[in-house]
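Visitor: Below is one structure. I have some questions about it.
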Ligand code: MN3
């Protein structure tokens, strides 16, 4: 390894162990950090394969964190702003950097939200959760159908969400790219989400998005969904 490569690696926050990242954040050398996965890369096998999980977490999510930190180097007023506040105030970010911040802060938030919504152990929905979703969508099966249908139909890259609107209504929506419900014009409370970027499934499922979505459904941590519903 050349010295240049070594320094490049050193600068790549995603490749550093989490304690080293923490030190950089505390030292003010960087602003956001890649959270560790709450389980091992192979914990969701065979539904989500270890290689995809590793690339997805380290390279994709890690990439958003690195790009966001790099953009913030040029934006002193936003360096200490908590992530959610940044997403709610994108219109205040200077136009030159706005899309860059939107994509990478969005990507960082979306993945940080998503990893804990998946569970290696089966955690089924409680009767209380089923009842709330049935009231909103007709039945629990109807909710499942509508949620997965929205994910199958999403064109290009993006996310599908269950949100609570500011009027208190449960709704299924999709957002393009790394946008999310915290951003204008939606500004709802995310309760469940699914990553419908090809990077989330292409290695294992190629073009069979529906098989990936069926696998995702089996991995949902319904305890966390319940937590979000009652928060
Ligand atoms: Mn992703």
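What follows draws every value from the coordinates through simple rules; no lab data is involved. All of these numbers come straight from a predicted model, not from anything done at the bench.
Visitor: If you split all Cα-Cα distances of region 49-92 into 10 Å bins from zero, what percentages do you get per bin, shortest first?
Guide: Per 10 Å bin, starting at zero, the Cα-Cα P(r) for region 49-92 comes out as 25, 41, 23, 10, 0 percent.
Visitor: Taking region 116-197 on its own, what percent of its Cα-Cα pair distances exceed 17 Å?
Guide: 50 percent
Visitor: How far, in nm, would the chain grow between residue 214 and residue 177 when pulled straight, counting 0.36 nm per residue and subtracting the alpha carbon separation?
Guide: Extra length available between residue 214 and residue 177 comes to 11.2 nm.
Visitor: Looking at the chain only, what percent of DSSP beta bridges run antiparallel? Nearest 5 please. It would help to have the intermediate numbers written out before the result.
Guide: Values: 14 of 15 bridges.
So the antiparallel bridges in the chain amount to around 95 percent.
Visitor: Ratio of region 191-231's C-alpha Rg to 2.2 N^0.38 Å, to two decimals?
Guide: 1.35
Visitor: Hey, what did region 65-215 get for relative contact order, percent, Cα under 8 Å, at least 6 apart?
Guide: 20 percent
Visitor: Follow-up question, since we're still on this one. How big, on average over all directions, is the shadow cast by the Cα convex hull of the chain, in nm²? Display every interim value, and only then the final one.
Guide: On the way: hull surface 55.3 nm².
The Cα convex hull of the chain, projected and averaged over all directions, gives 13.8 nm².
Visitor: Pull out the extension gain between residue 155 and residue 27, defined as 0.36 nm times the separation in residues minus the alpha carbon to alpha carbon distance; nm, one decimal.
Guide: The residue 155-residue 27 span can extend by a further 41.9 nm.
Visitor: Taking 0.36 nm per residue of sequence separation and subtracting the Cα-Cα distance, how much length would be gained by fully extending the chain between residue 198 and residue 126, in nm to one decimal?
Guide: Full-extension gain reported as 22.8 nm.
Visitor: What whole number of Å gives the distance from the Cα centroid of region 106-161 to the Cα centroid of region 216-230?
Guide: The two parts, judged by their Cα centres, are 8 Å apart.
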